[in-house]
Amino acid sequence: MYNTFMPKNPPPPRIHILAKPSGATCNLACSYCFFLDKELLYPNSKFRMSDEVLEAYIRQLIESHRSTEVTVAWQGGEPTLMGVDFFRKAIAYQEKYRKPGMTFENTMQTNATLLNDEWCEFLKENNYLLGVSLDGPQHLHDAHRVDKGGKGTFDKVMRGVRLLQKHGVEFNILTTVNRLNGDYPREIYQFLRDEVGTTWIQFIPVIERINPDGFNIYNVGDTVTERSVRPEQFGRFLIQVFDEWIHHDVGEMFIQTFEAAARRWMGMPSGMCVFEETCGLGLALEHNGDLYSCDHFVEPDFLLGNIQEEHMIELVASDRQVKFGLDKRDSLPQYCLDCEVRFACHGECPKNRFIETPSGEPGLNYLCAGYKGFFHRVNEPYKILSMLLRSGRPAEDVMAIVNQREAHFPQAFAKAKADDPCPCGSEMAFKHCHGWKPAAARGRHKSGKSASGPRPSVRGALLSESKS
Ligand code: SF4
Ligand code: SF4
């Protein structure tokens, strides 16, 4: 038992592990799913977490926590392939090993297509928070999120969403932003808000690097597939959703990236590893007990060990993992060190740092241009928001002030020239920001291999909390 030893480095009070009980296997075949290639890491495996690994995982997770709140997060592949009884056992092990005063948050990222009444009753009873993958309205979702026969899955996902709503199961929506749907920010946001009826959204950029071997076991190379979102496109996507949100929906809608940025403007931790200075506390557990540094680095070089051979906390607090987390800070190029929005961005995720800075230094984030634009755009509204929150006013008061301050935007946009800095404050060229027009050729998307992946669902929001 962990209580009988201490790891060499001081262990963190809390850790977040994304467990993949069915490994990379999935009932669907979304064209950009980066995890499907990971099946190659475990040839001949049945990809089902055994009872022994499950028990060891829950026990060690509890033993590893010095805080009383423990998150048990399931992801895939598709975790519902395990069947509901597997998760009943997970709850039973939580009860078996629970420390006094300990509470559990159970979360699951799912495509929602296998949900039924039995599932939803279980999820509700155990207060699960679900993250449902949905890429927007049908014409955008079905372009990439297809079943193994190549058929769109929109109807099945929506069926699952309606079941969750019928049973009162808490869920949020995870939308991956790719080169196709990246041109439809407002349509997607309005669809999720008005037709799906969600109040919680995560936007995750699709970035697929083209590997010479055609597979994606390793992240290598500096070119991306035609499905990958473009840097400015992702920034513009966030900015256009932000425009809608900051004018109409503050306090009503929760968008993870906006929440994280608001926290940074308030001087608080962002709550998203990608925007923190260092990382290393969000690991990935494979079906067989193998623990990896991060679910974005399920690669042989980042395998820390197996929890059936070494206790999880020893692996989490190992020199290797500590270095992994510190490297996020220590490998930043000078361009980032000099960047005025570094406090909010911190060079984003190391997985995406594969381009060169303007001076030729390696290690710049592929999405830099987009994030720079987004963080500059939110600067003025978030200065106002911070001031309001610090003086005890509700977050939604920001809307009236911003609406007034930005009332001149339409006239300013009408006068702006293509290469001028955008009047919205993003510092992006007007033609890439509010002056951008969709090209007729957009909508092409060819097949390729693998991509970026989802991050865990979150519950608890600065901006939502501020409402009460
Ligand atoms: S590598 Fe990226 S996704 Fe993984 S913990 Fe670090 S910042 Fe987060
Ligand atoms: S916006 Fe670009 S330069 Fe600034 S910290 Fe982020 S990646 Fe680095």
Looking at residue 293, is it within 13 Å of ligand 2 (Cβ to nearest atom) and free of Cβ contacts under 8 Å to residues at least 60 places away in the same chain? no
Can residue 308 be described as surrounded by fewer than 19 Cβ atoms within 10 Å (Cβ to Cβ) and within 16 Å of ligand 2 (Cβ to nearest atom)? no
With a cut-off of at least 3 residues that are away from ligand 2 (no atom under 16 Å from the Cβ) and not basic (Lys, Arg), name the helices (runs of 4 or more DSSP H) lying wholly within the stretch 339-430. 368-390, 397-405, 409-415
Go through the stretch 335-360 and give me each residue that's exposed (fewer than 15 other Cβ atoms within 10 Å of the Cβ) and under 25 Å from residue 294 (Cα atoms). 337, 343, 356
Counting only residues in the stretch 264-278 that are within 16 Å of ligand 1 (Cβ to nearest atom) and over 14 Å from the mean Cα position of the chain (by Cα), the one surrounded by the fewest Cβ atoms within 10 Å (Cβ to Cβ) is identified as 269
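Taking the criterion of being surrounded by fewer than 22 Cβ atoms within 10 Å (Cβ to Cβ), under 21 Å from residue 112 (Cβ atoms) and at pLDDT 80 or above, would at least one residue in the stretch 32-42 satisfy it?
Checking the stretch 32-42: not a single residue is surrounded by fewer than 22 Cβ atoms within 10 Å (Cβ to Cβ), under 21 Å from residue 112 (Cβ atoms) and at pLDDT 80 or above.
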Residue list for the stretch 364-395, restricted to those being touching a strand residue (DSSP E or B) at 6+ places or on another chain (Cβ under 7 Å), closer than 19 Å to residue 257 by Cβ and not small (Gly, Ala, Ser): 366, 367
Look at the stretch 230-274 and say how many of its residues are hydrophobic (A, V, I, L, M, F, W, C), part of a helix (DSSP H, G or I) and over 24 Å from residue 434 (Cβ atoms). 2
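Residue-by-condition table, conditions (1) crowded, with 22+ Cβ neighbours inside 10 Å; (2) in a loop (DSSP other than H, G, I, E, B); (3) aromatic (Phe, Trp, Tyr):
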| site | (1), (2), (3) |
| --- | --- |
| 89 | no, no, no |
| 92 | no, no, no |
| 100 | no, yes, no |
| 115 | yes, yes, no |
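In the set 122, 104, which member is part of a strand (DSSP E or B) and either out of contact with any Gly (no Cβ under 6 Å at 6 or more places or on another chain) or surrounded by fewer than 18 Cβ atoms within 10 Å (Cβ to Cβ) (or both)?
104
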Matching entry among 292, 371, 366 (being hydroxyl-bearing (Ser, Thr, Tyr), within 22 Å of the chain's Cα centre (by Cα) and either farther than 30 Å from residue 386 by Cα or at pLDDT below 95 (or both)): 292
Failed item in (1) touching a residue at least 12 places away in the same chain (Cβ under 8 Å); (2) more than 16 Å from ligand 2 (Cβ to nearest atom); (3) more than 16 Å from the chain's Cα centre (by Cα), with residue 203 passing the rest: (3)
Any hit, the stretch 163-181, residues being without any contact (Cβ under 8 Å) to a residue 12 or more places away in the chain and not in a strand (DSSP E or B): no
Among 332, 326, which is the only one that is within 9 Å of ligand 2 (Cβ to nearest atom) and not β-branched (Val, Ile, Thr)? 332
Condition first: within 16 Å of ligand 1 (Cβ to nearest atom), farther than 19 Å from residue 20 by Cβ and either in contact with an Asp or Glu (Cβ under 9 Å, 6 or more places away or on another chain) or assigned to a helix (DSSP H, G or I) (or both). Now tell me which residues in the stretch 290-323 satisfy that. 318, 320, 322, 323
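The values are calculated or read from the model by the stated rules, or taken from the named source; none is laboratory data. Computed from a predicted model, the values in this text were never measured in an experiment. Glycine also receives a Cβ, built like all others from the backbone with ideal geometry; neighbour counts cover every protein chain displayed.
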